[in-house]
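Enquirer: Sharing a structure here in structure tokens format.
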Amino acid sequence: MELSKLPGYLLGRLVKAAIVILAIVVCNFFLIHAAPGDPASIIAGQSGAADARFLEQLRAQFGLDQPLYVQLWIYLKGVLTLDLGFSHRQQVAVASLLWDRLPATLLLTGAAFVFALSVGVAMGALAALRVGTWGDSIITVLALTFYATPLFWVGLMLVLLFSVTLEWLPSFGMASVGVDLHGIDVVLDVAKHLLLPALTLGLFYVAVYARLSRATMLEVADQDFVKTARAKGVPEGRILRRHILRNALLPIITFAGIQAGQLIGGSILVETVFAWPGIGRLAFEALLARDYQVLMGVFFCTSVMVVLFNLITDLLYAVVDPRVEVSA
Amino acid sequence: MKDFWRNFSRNRGAVVGLVVLLAVLILAVLAPVLYPGSPWDMAGMPFAPPGEDGMLLGTDSLGRDVAAGIAHGARVSLLVGAVSTVAALAIGVSLGAIAGYLGGIADDLVMRFTEFFQTIPSFVLAILLVAIFTPSIASIVFAIAVVSWPPVARVVRAEFLSLRSREFVQASEVLGKSRLSIVIGDILPNALSPIVVLSSLMVASAILLESALSFLGLGDPNMMSWGFLIGSGRSVIRMAWWMSVFPGVAIFLTVLSLNLVGEGLSDALNPRLARNRGGKP
Amino acid sequence: MTRLLTVDSLTVALPQGADRPHAVEDLSLHLDAGEILCVVGESGSGKSITANTVMGLLPKTLKVKTGTVTFEGEPMLGLSAEALRSRRGRRMAMVFQEPMTALNPLMRVGDQIAEALQVHGKGGDARARVPELLAAVNLPDPASLAKMHPFRLSGGQRQRVMIAMALALEPALLIADEPTTALDVTTQMQILRLIREIQARKGMGVMFITHDFGVVAEIADRVAVMQHGRIVEQGPAAEILNAPQHPYTRKLIAAVPHGDAAEKAEIRPAPVLVMKGVEKTYQRGGWFGAKAVVRAVHNADFTLNKGETLGLVGESGSGKSTLARCVVRLVEPEKGEILFHGKDLRPLSRQGWLPYRKRIQMVFQDPYASLNPRRKVGDAITEGPITHGVSAAEARERALDLLRLVKLDPSAMERYPHEFSGGQRQRIGLARALAMQPELLIADEPVSALDVSVQAQVLDLLAEIRQRLGLTMLFITHDLRVAAQICDRIAVMQRGAIVELGPTAQVFGAPQHAYTRALLDSIPGRDWTPPALAETA
């Protein structure tokens, strides 16, 4: 699309994103109310102190004696001021818990995403170029294997191989404990810790992107305009770069947007396996402790991350594809 | 039907997948015969490696037989996979059919709703649902169905949308057939093959999802499952690798075979596509 | 004249399992500079494969078995991929059938033309040459058009861009593979004239592939006729068109709609269908942004008398199909009256419509989409009557009679649509409509998707059945020759409105409206009258 129209488009998408986030908040609210038993006793149950006075105090705090829409309004106001509730188990505000854990998760998912996208698309492209040969078969089988393996199990097997047996890489945490590191060594240490988790989280999506890009490349390569390019004497390498890859990228961008949510969901499993100190690990801890406030916070936070990511992919798509405004 | 089998069996991977899948099915059916008694009971000494103490695949930290756990776990995996897929299909097909056949505002509303569900991180939502409604087979099936219907709705909508404007459907309109008989007699049979292919892949991802949930401790506390086995082996992986390795292999083989069968179905139901895959114009 | 291209005893093998061993068999032809050679044949005759072999663009699954291709004195078949590539676009260029998909949707059209220059080392000229080339194919405002993406251009404009791209390096040979088949008649005529003019100016040799003898009459110097991968006849255009020798050529030319009005029965004014003030508008655009309103049908009143065939003629987007679909409620108009024997059908409910379903039926355009692939032919024909309360046994009897009427074997009842050819399926569709014993039949482009020889059979069948059953018919077509042959009166539609309506002879002989005249001028080969040939097939 033309750059002059981008702000209007951006505004439309922002409004849409805001509506989605609002809907998620409302969803969250009704989930709490759908749970068996009233929220106060659930929360009280989690914090371990279930005496009657505490329950009353909680009811008043959440406005549970008020009509439902008033409660919803109170809840919405809270979320809008980034008040995501209070973890009675940990005695900290949920928002600050999430805030502390966010960078680690962003690092992990970001690394896994870049790894999955680059390796996956490269594998898919290679398979499409060599369609029908043994190279294609190997890539297809590899992709199918990654696709069918449970994430958390891949993590455990990598730990078994690289940490337990070979003792090459650390199996948990984000940094070495009890060593004093400075400068570049800190980065290297984190990178060493990051390698296995990112690989684990990425492998499944490598498979997804490899299959998708192989299929779309084959489809695009079959289209008329590729034949046109060939008929005007464009060399094969240039046809691949300028005509096939660019067009094949569109469904991949769309798919990356759709998959973002799953990537973040997967990080819960990976962070659990590798004790990676991110939001996913936090969710697991909250699960063990039946700390629903935190769990709700994680759900909200990850949803917002996905919405933001979708916003970015939408914009990217609009920049790459001139036809967007017609269909929007 | 004969054509279907010929096209299906031309895909060798699909045949292998079908055989493996049948094997898992038989294992699930015969579990109470092969391993009578509860898989939760102690069967030998704790941490027996595979082959020792008469345990084919070893025992866990409480001396429970891993092989028995896998056999009984197969029942849960297949059950959850099948039932939650049926539930997701029911939601997805009806919403997709409404959106695709009626079009207009109904289509808009259903699609916004579907997009919303696709935006929510599905695994996080599943965790939340199971945690809130307390872990049980019912809540797990419910959670998996709730997060896996959107792709069905999209596929069915797209099929209905394109079929609705096809001339043979218009011909049926002109013949004066009722809406219901057009949807059931003309549209649905022609939209069936992508739904069939999709559902085999959905069973696979439902099994993965169930195993992930029970790995995190959200499985039905009364049912042995593969994810639970791996989860309980996680903290002792340094001393008892077999506790996590074998159940993982079971999940992998089942999911892989379902994917292979899905590809075979796709080849058999869209023979033109399958032939094109070789690069023929 | 210099010899530009010689193809000598070319045989191209099809992959195993195809319906014949060779796509092209023992094919020889030649082309001189400054000449237009039309290669004519029906679908599957191997004409596109021939063109692709010359360009070195054969799909990998097809292999040249024997023969030579000599272009500008050099043998082409032994050349390396790189040597072929350097000739493509520079010395020989190609234009394809489908302009909507032949351009890269993500690249500006100017860049796509510039790319043709760049890959042959002439990128430096691109800035000056691109607008020049766009102007040469008569595109308005070349400078701003060059900056547009293909989706902003119409089909005709895109085809001009394709031609500009093909001409960028002034090739000696232009291969045009059905370049006007996907276009409307008026656009088709413009493109044909453009190709003719540029060819004459540059002295190019043009190999023009088509299935349409009208187009051949319009543009060809010489003609080669192909059937089942072989050339059955070739020679100067005038000879082939007016005195064809080979039985297949004779059959094809005999099948060309001659455009002569058949003898018409006298029609007494007894209105069956009256359309009054019917309007249908479509709105595009989402919740944000301006809505585009398209007036699909307006000012389209007509009366259809008993036993009469009225032709609705127009280009794509003229609203003729929408209007026809309004009659059977596949489209619901906002305004107007649809009077069937004086009864307004528009306000009726789905239920209220049911009795009229028996009396008004429709035949559709696409033989591959108009039959449910999962339903046996017998069931497809009987389900209509059964829905309306006819007993299964009687419906079956009726279906068997109808199969005989449309000249199909009774065994067809138990078979599925995919076992039939396009022409046969169209006859099944006709039988399905007739099974309801309608008095009004709406035929929406019933022969447009068929090869010309099959087209003639289906048209003859329609004419025969109409006579026999005394049907009243609304016949929609974009092909004026077909309309002239079958219709008693013609209504010409443009942008949703009927601009002219009159008896066929009058509309063709003394057109009143400017658009009608433009349409008639655009009939390809309008100066050529197909010779009267004795049926030889």
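Enquirer: Can you tell me the length gained on complete extension of the stretch residue B:82 to residue B:158, counting 0.36 nm per residue apart and subtracting the Cα distance?
Expert: Result for the pair: 24.9 nm of gain on full extension.
Enquirer: Starting from the Cα gyration tensor of the stretch C:401-492, take the square roots of the eigenvalues, sort them a ≥ b ≥ c, and report rounded, prolate or oblate (rounded when a/c is under 1.5, otherwise prolate if a/b is larger than b/c, else oblate).
Expert: Oblate, since a/c reaches 1.5 and b/c is not below a/b.
Enquirer: How big is the C-alpha Rg of chain C next to the rule-of-thumb value 2.2 N^0.38 Å, as a ratio?
Expert: 1.06
Enquirer: Given the peptides B:23-29, B:219-225, arrange them by the average over their residues of other C-beta atoms within 10 Å, most packed first. If you can, show how the numbers build up before the last one.
Expert: On the way: B:23-29: 15.9, B:219-225: 20.9.
Packing order, densest peptide first, comes out as B:219-225, B:23-29.
Enquirer: Kindly report, to the nearest 10 Å², the accessible surface of residue A:157 as traced by a 1.4 Å probe over protein heavy atoms only.
Expert: 40 Å²
Enquirer: Pairing the Cα long axis of helix A:134-148 with the longest principal axis of chain A, what angle in degrees results, from 0 to 90 and rounded to the nearest 10?
Expert: Value to nearest ten degrees: 10.
Enquirer: Oh, and also: Give the accessible area for residue C:326 in Å² (nearest 10); use a 1.4 Å probe, count only protein heavy atoms, and leave out ligands, DNA and RNA.
Expert: Rounded to the nearest 10, that gives 0 Å².
Enquirer: Would you work out what percent of the accessible area of chain C, with all protein chains in place, is carbon or sulfur (probe 1.4 Å)? Write down the numbers at each step before the final one.
Expert: Values: 10960 of 22070 Å².
Percent of accessible area from carbon and sulfur atoms in chain C: 50.
Enquirer: Looking at C:58, A:269, C:506, which one has the Cα that reaches farthest to the positive end of the dipole of the protein assembly as shown (charges on Cβ: Lys, Arg +1; Asp, Glu -1)?
Expert: Towards the positive end, the residue furthest out is C:506.
Enquirer: While we're here: In whole angstrom, how long is each semi-axis of the equivalent ellipsoid of the stretch B:146-281, when you take the square root of 5 times every eigenvalue of its Cα gyration tensor and sort them from largest down?
Expert: For the stretch B:146-281, the semi-axes come out at 43, 19, 9 Å.
Enquirer: Under the rule of at least 5 residues apart or a separate chain, name every residue whose amide H is placed under 5 Å from the amide H of residue C:232.
Expert: For residue C:232, the qualifying residues are C:225, C:226, C:227.
Enquirer: Here's another thing I want to ask about it. Using the Cα centre of chain C as the reference point, and only Cβ charges (+1 on K/R, -1 on D/E), how large is the resulting charge dipole? Debye, rounded to the nearest 20.
Expert: Values: 63 positive and 58 negative charges, 301 e Å.
That gives a dipole near 1440 debye.
Enquirer: With charges set only on the Cβ (+1 for Lys and Arg, -1 for Asp and Glu), what does the dipole of the stretch C:105-170 come to about its Cα centre, in debye to the nearest 20? Each step should come with its number before you reach the end.
Expert: On the way: 8 positive and 6 negative charges, 37 e Å.
Roughly 180 debye for the stretch C:105-170.
Enquirer: Right, here's the next one. Whole Å is fine, so just give me how far the alpha carbon centre of the stretch B:172-235 lies from that of the stretch B:88-120.
Expert: One Cα centre to the other: 17 Å.
Enquirer: With N residues in chain A, what two-decimal value do you get for its Cα radius of gyration over 2.2 N^0.38 Å? Mind dumping the intermediate values first?
Expert: Details: Rg = 23.9 Å, N = 328, 2.2 N^0.38 = 19.9 Å.
For chain A, the normalised Cα radius of gyration is 1.20.
Enquirer: In addition: For C:445, C:279, what's the largest-to-smallest order of accessible area, 1.4 Å probe?
Expert: Working: C:445 15, C:279 50 Å².
Reading off the accessible areas and sorting them downward yields C:279, C:445.
Enquirer: Using the Cα centre as the reference, give the magnitude of the dipole from point charges on the C-beta atoms of the stretch A:100-320 (Lys, Arg: +1; Asp, Glu: -1; all else neutral), rounded to the nearest 20 debye.
Expert: Computed charge dipole of the stretch A:100-320: roughly 920 debye.
Enquirer: Give me Rg over Rh for the stretch C:320-430, both radii from the alpha carbons and Rh done the Kirkwood way, two decimal places. If you can, show how the numbers build up before the last one.
Expert: Values: Rg = 15.8 Å, Rh = 15.5 Å.
Reported Rg/Rh (Cα atoms, Kirkwood Rh): 1.02.
Enquirer: How large is the helix-only mean residue ellipticity at 222 nm for chain B, computed as the sum of -39500 (n - 2.57) over DSSP H runs with n ≥ 4, divided by its residue count, in deg cm²/dmol to the nearest 500?
Expert: Theoretical 222 nm ellipticity from helices: -24500 deg cm²/dmol.
Enquirer: In this model, which of C:280/C:343; C:306/C:407; A:227/C:251; A:5/C:280; A:232/C:65; A:16/A:77 are farther than 22 Å apart at the alpha-carbon?
Expert: C:306/C:407; A:227/C:251; A:5/C:280; A:232/C:65
Enquirer: Rounded, prolate or oblate, given the Cα gyration tensor of the protein assembly as shown, with a/c below 1.5 counting as rounded?
Expert: The shape class here is prolate.
Enquirer: A further question on this structure: Just the number, please: percent antiparallel of the DSSP beta bridges in the protein assembly as shown, rounded to the nearest 5. Could you put the intermediate results ahead of the total?
Expert: Working: 47 of 84 bridges.
Antiparallel bridges: around 55 percent, rounded to the nearest 5.
Enquirer: Across 10 Å bins from 0, what is the distribution of all Cα-Cα pair distances for the stretch C:187-251, in whole percents?
Expert: Histogramming the stretch C:187-251 at 10 Å steps yields 19, 51, 26, 4 percent.
Enquirer: Continuing with the same structure: When ligands, DNA and RNA are left out and all protein chains stay put, how many square angstrom of accessible area per residue does the protein assembly as shown have with a 1.4 Å probe?
Expert: Details: 48450 Å² over 1146 residues.
With all protein chains present, the protein assembly as shown gives 42 Å² per residue.
Enquirer: Here's another thing I want to ask about it. With every protein chain left in place, what is the accessible area of residue C:407 in Å² (1.4 Å probe, nearest 10)?
Expert: Using a 1.4 Å probe on the heavy atoms, I get roughly 120 Å².
Enquirer: Further question: What's the total accessible area buried between chains C and B, using a 1.4 Å probe, rounded to the nearest 100 Å²?
Expert: Answer for the C-B pair: about 2200 Å² buried.
Enquirer: Taking the Cα centroid of the stretch A:162-224 and of the stretch C:159-185, what is the distance between the two, rounded to the nearest whole Å?
Expert: 50 Å
Enquirer: Using protein heavy atoms only (no ligands, DNA or RNA), what is the total accessible area buried between A and B, 1.4 Å probe, nearest 100 Å²?
Expert: It comes to approximately 4000 Å² buried between A and B.
Enquirer: Give me the orientation-averaged projected area of the Cα convex hull of chain B, in nm², one decimal. Please list the in-between numbers first.
Expert: Details: hull surface 73.6 nm².
Averaged projected area of chain B's Cα convex hull equals 18.4 nm².
Enquirer: Taking each residue in B:131-144, count the Cβ atoms of any other chain within 10 Å of its Cβ, then average. What number comes out?
Expert: Mean partner-chain Cβ count within 10 Å for B:131-144: 2.
Enquirer: Sort A:167, C:233 by accessible area with a 1.4 Å probe, largest first. List each step's numbers first, then the result.
Expert: Working: A:167 140, C:233 25 Å².
Greatest to least solvent exposure: A:167, C:233.
Enquirer: In a shell of Cβ-Cβ distance under 11 Å around residue C:239, excluding residue C:239 itself, what net charge do Lys and Arg (+1) and Asp and Glu (-1) give?
Expert: On the way: positive: C:222; negative: C:233.
After counting each charged neighbour, the total is 0.
Enquirer: Counting only protein chains, not ligands or nucleic acids, how are C:401, C:212 ordered by accessible area (probe 1.4 Å), most first?
Expert: So the residues, ranked largest to smallest area, are C:401, C:212.
Enquirer: Which far-off residues, 5 or more places away or on another chain, put their amide H under 5 Å from the one on residue C:494, with H placed in the peptide plane?
Expert: Here the answer is C:499, since their amide H atoms fall under 5 Å of that of residue C:494.
Enquirer: So what is the relative contact order for chain C, in percent, with contacts set as C-alpha pairs under 8 Å and at least six apart?
Expert: This gives 16 percent for chain C.
Enquirer: Using only alpha carbons, build the gyration tensor for the stretch C:105-170 and give me the equivalent ellipsoid semi-axes, biggest first, whole Å. Provide the component values of the computation, followed by the final result.
Expert: On the way: eigenvalues 60, 29, 22 Å².
Taking √(5λ) for each eigenvalue gives 17, 12, 10 Å, largest first.
The values are calculated or read from the model by the stated rules, or taken from the named source; none is laboratory data. This one's a predicted model, so the numbers in the text were calculated from it and none came from an experiment. Backbone-built Cβ (ideal geometry, glycine too); neighbour counts: all protein chains shown. Just so you know, the surface numbers come from the protein's heavy atoms only, side chains and all, with ligands and any DNA or RNA stripped out. Shrake-Rupley method; radii C 1.70, N 1.55, O 1.52, S 1.80 Å.
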